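Heads up: the structure comes next, in structure tokens.
Throughout, read-outs are computed from the coordinates displayed, never taken from laboratory work. None of these values were measured; they are calculated from a predicted model. As a convention, Cβ positions derive from the backbone with ideal geometry for all residues, glycine included, and neighbour counts pool all protein chains shown.
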Amino acid sequence: MNSNSAPVSRPAAASRGMDAFRALHSCHGQTLGALTTLEALVVRLEREGLDAEARAMAAEIVHHFSTVCRQHHEDEERHVLSKLAVSADQEIVQAVLRLQQDHDWLEEDWMELSPHLEAVAAGRPWYDVEVLREGVAAFSALSLDHIELEESLIYPQARACLGSDERRAMGREMAARRRAVRVERARGA
């Protein structure tokens, strides 16, 4: 390294803590992409059947909704919804209650879809395209409506009521929990 080079350092986000709301928003973007892939998978299965591309798509979808989304919902429950549930604003409280119910319904919908998608990912032909088509339509509609309410009302409210220290602590906790999951998976692999 010459004398004009800056020293190599950790990325700025890592040194000051994860931006929790940026991470939550990013997860919504990933979920929108996974929903698009899910819808495309149903079409592919109807047209092409069970092929390598369908298997790869299904594996990606299963990973996202079984891990990333579950972590995301846990983050929201711990750090966002719990704070806003005690708001003096009844519109906010009602939105929080609705989103908590949505989390339960999304999990229930996922539990119906996931065995079929896991079968596709594993190359097993016992999946039911009709169940997937109907389930994906309901799951996607609820997911889109849920994300819209969070992005338009809940996240702005949470940002406004959480101080910068709380947001940094939230980001650190989220990052630490994800690291622990990755370490545990690596040990089990």
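Which label marks the calculated value of P(r) over Cα pairs in 5 Å bins from 0, in percent, given the options (i) 1, 8, 15, 19, 19, 16, 11, 6, 3, 1, 0, 0, 0; (ii) 1, 8, 17, 22, 24, 18, 8, 2, 0; (iii) 1, 7, 14, 16, 15, 14, 11, 9, 6, 3, 2, 1, 0, 0?
The value computed from this structure is option (iii).
Given a Förster radius of 30 Å and the C-beta distance between T36 and R78 as r, what FRET efficiency does 1/(1 + (r/R0)^6) yield to the nearest 0.05? Could the numbers behind the result be given before it?
Details: r = 28 Å, r/R0 = 0.93.
After rounding, the FRET efficiency stands at 0.60.
Neighbouring Cβ atoms within 10 Å as the yardstick, rank W126, W105 fewest first.
Values: W126 9, W105 13.
Ascending number of Cβ neighbours within 10 Å: W126, W105.
Based on other C-beta atoms within 10 Å, arrange C27, C161 from fewest to most.
Details: C27 19, C161 13.
Arranged by neighbour count, lowest to highest, C27, C161 become C161, C27.
Which value in deg cm²/dmol, rounded to the nearest 500, describes the helix-derived mean residue ellipticity at 222 nm for the chain, given -39,500 (n - 2.57) per DSSP H run of n ≥ 4 and division by the residue count?
Value at 222 nm, helices only: -24500 deg cm²/dmol.
To the nearest 10 degrees, how steep is helix 52-63 against the longest Cα principal axis of the chain, on a 0 to 90 scale?
40 degrees
Sum up the charges of everything whose Cβ sits under 13 Å from the Cβ of R179, counting Lys and Arg as +1 and Asp and Glu as -1, but leave R179 out.
Values: positive: R172, R177, R178, R182, R185, R187; negative: E173, E184.
My count for the surroundings of R179 gives +4.
If you take every residue apart from D128 with its C-beta less than 11 Å away from the C-beta of D128, what net charge results, scoring Lys and Arg +1 and Asp and Glu -1?
Working: positive: R133; negative: E112, E130, E134.
Every neighbour counted, the sum reads -2.
How far is helix 129-149 tilted, in degrees, relative to the longest principal axis of the Cα atoms in the chain, given as a value from 0 to 90 rounded to the nearest 10?
Orientation of helix 129-149: about 20 degrees from the principal axis.
In degrees, nearest 10, range 0 to 90: what is the angle between the Cα axis of helix 164-188 and the longest Cα principal axis of the chain?
Tilt of helix 164-188: around 50 degrees.
Mind sorting I154, I147 by how few other Cβ atoms lie within 10 Å of their own Cβ, fewest first? Walk me through the numbers before you get to the answer.
Details: I154 21, I147 18.
Listing I154, I147 from fewest to most nearby Cβ atoms yields I147, I154.
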